[in-house]
Amino acid sequence: MNKSDLIDAIAADAGITKAAAKLALESFLGNVEKTLKSGDKVSLVGFGTWSVSKRDARTGRNPKSGAPITIAAKNVVKFKAGSDFEKSIN
């Protein structure tokens with residue numbers, strides 16, 4: 001399912017226009033992004049939790065030449081599925 005398919009499904013399930021569904025989805029995604037950028041977590045009980053973790057700089061290898069390279073530190077987004085969500089797909 002891609003973003004367009006999700007918008008179509010939201011619109012059909014909620015009985016709203018595709019434009020309203022797109023606006024709602026973009027608002028949700030924007031608010032999740034804003035919250036994670038500020039260093040907080042986003043928890044949806046029964047669905048899951050998004051959080052940000054810092055990945056330290058490390059040494060890697062160039063796959064073509066085998067030469068060592070430095071991989072910069074960065075923040076990564078993590079998602080932990082809630083137990084209800086995990087149960088629903090098994």
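We did not get these values from a lab; they are worked out from the coordinates using the rules stated. Please read all numbers here as calculations on a predicted model, not as lab measurements. Positions of Cβ are generated from backbone atoms using ideal geometry, with glycine treated the same way; all protein chains shown enter the neighbour counts.
Assorted remarks:
- The magnitude of the dipole of the chain, with charges of +1 and -1 set on the Cβ of Lys/Arg and Asp/Glu and taken from the Cα centre, is near 640 debye.
- Multiplying the residue separation of VAL77 and ARG55 by 0.36 nm and subtracting their alpha-carbon distance yields 6.9 nm.
- Theoretical FRET efficiency, 1/(1+(r/R0)^6), r = Cβ-Cβ of ALA20 and ALA67, R0 41 Å, to 0.05: 0.20
- Mean residue ellipticity (222 nm) of the chain, computed from DSSP H runs ≥ 4 via -39,500 (n - 2.57), nearest 500: -13500 deg cm²/dmol
- Those trypsin sites (Lys or Arg not before Pro) in region 56-90 that DSSP places in a loop and that have at most 12 other beta carbons within 10 Å: LYS64
- VAL45 versus ASN31: modelled label distance in nm, points set 7 Å from Cα along the beta carbon direction: 1.6
- For the chain, the longest principal axis of the C-alpha atoms and the axis of helix 3-14 are separated by about 30°.
- Percent RCO, i.e. relative contact order, over the chain, from Cα pairs under 8 Å lying at least 6 residues apart: 21
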